[in-house]
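Inspection log for the structure reproduced underneath, given as structure tokens.
The values are calculated or read from the model by the stated rules, or taken from the named source; none is laboratory data. Since this is a predicted model, take the numbers as computed values, not measurements. Quick reminder, even Gly has a Cβ in these numbers, built from the backbone with ideal geometry, and neighbours come from all protein chains shown. Only protein heavy atoms, including side chains, enter the accessible area calculation; ligands, DNA and RNA are left aside. Shrake-Rupley method; radii C 1.70, N 1.55, O 1.52, S 1.80 Å.
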Amino acid sequence: MAKQRESRWVKAVVSRIVRFVLWFITKPTWAGAENVPAKGGVIIAANHLSMADPLTVAHFLYIGARRWPTFTMKDGVMKIPVVRSVARSTGQIPIKRGSTDAVKALHEAEVALTRDGSSVIFYPEGTCTRDPNLWPMTAKTGVARLALATGVPVVPVAHWGEQNLLPYGAKKPSLFPRKRIDFRAGPPVDLSRFEGLPLTATVLKEATELIMRDITALQAQIRGEEPPAIPFDFKRAREEAAEAKRVERITQVGDADGGTNDGAAGNGGNGKSSTGA
């Protein structure tokens, strides 16, 4: 039997506040909400554009699809006293990234999906997209692992517009005029070909690519544009940038050494300037 994870009165207060704020600063359009199951565990896999989109995704899920939104939230956010109390009272799941506690958080998410019948929102990319044109990037495999381990459906959700409200890296939102935010949910991702297979790295990678492909296709419909043939790989881009900086440093050191040696050679190696000679 599904367990109630949230405080009803806290849910009522929080939902009214969020709805009021978002209706005041956004003009949302929603499509495909019927693809979100009315009950039972479901993974909502969404692209990540802005630090504002957890609110807009929650708004879409709660009002458009009539499901209570459950997030996995960074532990740093959960350390804020008021936020921690509200998050716990609304069934949110804390997660410490890059630690063994992340495994515990995934286990709690699994419990929320299978025992409590919750709708749990994930950003497979793990962070806001760094694609220059804001297309979804390559993703981590945690969502695919959770979906294949539990058998719950993965509903892809794409959205567009939050980058105009609060671009990634900006400290202040642009509240006026009201920003149009478009949402589109698709049918559950077809992961049937992976059923019964061991959760190898190859299986998880392919399943993740299918999930991201569906999300990207939905965003392409919203934008009316053609997405890139190959998704932006943030990890590879960081590695290439780090390598470029390393090569640049080596080149600069080499140039400095070469300049010193040239000066010495020009002076016959005696270290004196030509003027002094």
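Remark on Thr26: its backbone amide H falls under 5 Å from those of Lys179, a criterion applied only to residues 5 or more positions apart or on other chains, H modelled at 1.01 Å from N.
The heavy atoms of Val13 offer some 70 square angstrom of accessible surface to a 1.4 angstrom probe. Taking the Cα centre of the stretch 131-233 as the origin, how large is its charge dipole in debye, to the nearest 20, when only Lys and Arg (+1) and Asp and Glu (-1) carry charge on their Cβ atoms? Here the stretch 131-233 has a charge dipole of around 520 debye. Distance distribution note for the stretch 210-257: the fraction of Cα pairs above 13 angstrom is 69%.
A simple count of charges around Ala207, restricted to other residues whose Cβ falls under 14 Å of its Cβ and scoring Lys, Arg +1 and Asp, Glu -1, yields 0.
On the beta carbon distance between Leu175 and Arg238, with R0 = 45 Å, the FRET formula returns roughly 0.90.
Picking from Gly224, Leu166, Met137, whose Cα lies most toward the positive end of the charge dipole for the stretch 125-246 (charges on Cβ: Lys, Arg +1; Asp, Glu -1)? Towards the positive end, the residue furthest out is Leu166.
Counting Cα-Cα pairs of the stretch 113-218 in 10 Å increments starting at 0 gives whole-percent bin shares of 13, 41, 30, 14, 3, 0.
A DSSP coil position with no more than 13 other Cβ atoms inside 10 Å describes the following GluC sites (Glu not before Pro) in the stretch 183-236: Glu195, Glu225.
Express the Stokes-Einstein translational diffusion coefficient of the stretch 165-257 in µm² s⁻¹, to the nearest whole number, given a Kirkwood radius over alpha-carbon pairs, 4 °C and a viscosity of 1.567 mPa s.
72 µm²/s
The phi torsions of the stretch 245-251, fed into the Karplus equation with coefficients 6.51, -1.76 and 1.60 and a -60° offset, translate into couplings of 5, 5, 5, 5, 5, 4, 5 Hz, rounded to whole numbers, with Gly and Pro shown as x.
Couplings 3J(HN,Hα) for the stretch 207-214, derived from phi with the Karplus relation 6.51 cos²θ - 1.76 cosθ + 1.60 (θ = phi - 60°), are 5, 4, 4, 5, 4, 5, 4, 5 Hz, where x marks Gly and Pro.
Pairs from the table (Lys11/Lys235; Lys171/Lys205; Lys104/Lys205) lying more than 32 angstrom apart at Cα are Lys11/Lys235; Lys171/Lys205. Sorted into 5 angstrom bins from 0, the C-alpha pair distances of the stretch 133-179 split as 5, 15, 18, 16, 14, 13, 11, 7, 2 percent.
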